[in-house]
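Chemist: This is the structure I want to talk about, given as structure tokens.
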Amino acid sequence: MKKDKKHWKLSTKLVRGGRLTSQFGETSEALFLNSAYSYESAEAAEALFAGKIEGFKYGRYSHPNLAMLEERLSLMEGAEACVVTASGMAAVFAALMCQLKSGDHVVASKVLFSSCHYIITQILPRFGISTTLVEGDDMAGWRKAITRKTRCVFIETPANPTLELVDIAFVAALCKKTGTQLIIDNVFATPLLQHPLQLGADVVIYSTTKHIDGQGRTLGGAILGKRKFINETLMPFVRHTGPHMSAFNAWLLLKSLETLELRVAKHCDNAEALAKLLENHPKVGRMLYPGLKSHPQYAIARKQMSRGGPMIAFELKGGKKAAFRFMNALTVFDISNNLGNAKSIVTHPASTTHASLGGAELKRIGIGDGLVRLSVGIEDVEDLKKDVLNALEG
Ligand SMILES: *Cc1c(COP(=O)(O)O)cnc(C)c1O
């Protein structure tokens, strides 16, 4: 592979990074549907397993399509190394479990994707790992929660679904003092709008299911960080427990990355236009979009995100009834719990993605009955605006 690829600009990295070409010289990355490899001789196999020569060993260890995707994602993120997994949740679970042991302490932001919340609050404690949840804007809370006993801090910013933010550089500085690893779930910002490693985080996680695939076809996850952590701590866990991504999905995501920058720009253009349109609408109460001055943590958004992002949340004044009426009246948007699709999606978190948290917890973290989340797609913005305005009138 050419040595100068790290100096390529982002668009070039997303199109050409990590490319491996077979003897046929294909211009689009090939798909390798194989689980294992054969070797020229017994000696070659011995040398490979002894680490004396490089090569692919077995699908659970490494694979050309996974290797290409991991290299392309590393270049994109500016990370030393990457491991891709079968889903975003496999990435979250592996990143935590590969290093935690009984007696450890984990701190996380309070508003989390519901499965991340389940891992932190339900699964980890079963293994004797204690956890503390902190409100995103509670600076004193972060200071108090992170101690020398804290092994990892897990943060989602912007958070799902309230788009609450956490100041990454602030928490990273606390983690540096205590020798704690900072893990950022960067899904809502997409890889293009926020760069956690540059802000001091140690590990970045993606559900590639979202904007990286961007077309709603596959599940996938990625963990990016320092080579030492990835190779010595994460890889042994992944190799022996098997949450790896399929070759087909890796191939598909390689093709998705080629258009990521174009798609995210359009997602953001459309989201910004809708957020502005909705902000002062008489039927809309609280508006939560990091790209608008009205966001309670706009200063943090300005500091760590280059744009407001592709996701919008807002409260309808009429509660659940008004939210459901609005959703059912939309004709372009799909009603779905997914996000990060070319197709615009509307979600009612309190009754779907976050229903399992229960009433009291929902209230505590600000997920009201009237809260609606939009994953803004890349359709024509005029069609989206018209759809949203008509549905609000209905
Ligand atoms: C979707 C999502 C996940 C989980 O990813 P899957 O690919 O669905 O397993 C984790 N974190 C956030 C913020 C997400 O949006």
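The values are calculated or read from the model by the stated rules, or taken from the named source; none is laboratory data. Note that the coordinates shown come from a computational prediction; the quantities given were computed from them, not determined experimentally. So basically every Cβ, Gly included, is an ideal-geometry build from the backbone, and we count neighbours across all protein chains shown. Calculation scope for accessible area: heavy atoms of the full protein, side chains included, ligands and nucleic acids excluded. Shrake-Rupley method; radii C 1.70, N 1.55, O 1.52, S 1.80 Å.
Chemist: Only one of (1) open to solvent by less than 10 Å² (accessible area, probe 1.4 Å); (2) in contact (Cβ under 8 Å) with a residue 60 or more places away in the chain; (3) more than 19 Å from residue 279 (Cβ to Cβ) fails for residue 374. Which number is that?
Modeler: Among (1) open to solvent by less than 10 Å² (accessible area, probe 1.4 Å); (2) in contact (Cβ under 8 Å) with a residue 60 or more places away in the chain; (3) more than 19 Å from residue 279 (Cβ to Cβ), the lone unmet condition for residue 374 is (3).
Chemist: Right, next: Within the stretch 172-195, work out how many residues are within 13 Å of the ligand (Cβ to nearest atom), out of contact with any His (no Cβ under 6 Å at 6 or more places or on another chain) and either in a loop (DSSP other than H, G, I, E, B) or hydroxyl-bearing (Ser, Thr, Tyr) (or both).
Modeler: Final tally of qualifying residues: 5.
Chemist: All but one of (1) under 14 Å from the mean Cα position of the chain (by Cα); (2) more than 10 Å from the ligand (Cβ to nearest atom) hold for residue 113, so report the exception by its number.
Modeler: Residue 113 satisfies all of (1) under 14 Å from the mean Cα position of the chain (by Cα); (2) more than 10 Å from the ligand (Cβ to nearest atom) except (2).
Chemist: Being among the aromatic types (Phe, Trp, Tyr) and within 15 Å of the ligand (Cβ to nearest atom), is that true of even one residue in the stretch 196-206?
Modeler: Initial filter on the stretch 196-206 (among the aromatic types (Phe, Trp, Tyr)): 206.
Filter again for within 15 Å of the ligand (Cβ to nearest atom), leaving 206.
Yes - at least one qualifying residue is present in the stretch 196-206.
Chemist: While we're on this one: Among the residues of the stretch 43-93 satisfying the criterion of being assigned to a helix (DSSP H, G or I) and of a type in the set (D, E, K, R), which is farthest from residue 222 (Cα to Cα)?
Modeler: Selected residue: 43.
Chemist: Report those helices (runs of 4 or more DSSP H) wholly inside the stretch 252-367 carrying at least 3 residues which are open to solvent by less than 30 Å² (accessible area, probe 1.4 Å) and in contact with a helix residue (DSSP H, G or I) (Cβ under 7 Å, 6 or more places away or on another chain).
Modeler: Ranges flagged: 260-279.
Chemist: A further question on this structure: Within the stretch 1-39, track down each residue that is assigned to a loop (DSSP other than H, G, I, E, B) and basic (Lys, Arg).
Modeler: Matches in the stretch 1-39: 2, 9, 19.
Chemist: Can I ask one more? Would you check if residue 168 is more than 16 Å from residue 114 (Cα to Cα) and not assigned by TED's automatic domain parsing to the domain that holds residue 347?
Modeler: When the stated conditions are applied, residue 168 passes them.
Chemist: Look at residue 214 and say whether it is touching a residue at least 24 places away in the same chain (Cβ under 8 Å) and within 16 Å of the ligand (Cβ to nearest atom).
Modeler: Spelling it out, residue 214 is indeed touching a residue at least 24 places away in the same chain (Cβ under 8 Å) and within 16 Å of the ligand (Cβ to nearest atom).
Chemist: Given (1) in a loop (DSSP other than H, G, I, E, B); (2) touching a residue at least 40 places away in the same chain (Cβ under 8 Å); (3) away from the ligand (no atom under 16 Å from the Cβ), where does residue 169 come up short, assuming only one miss?
Modeler: Exception for residue 169: condition (1).
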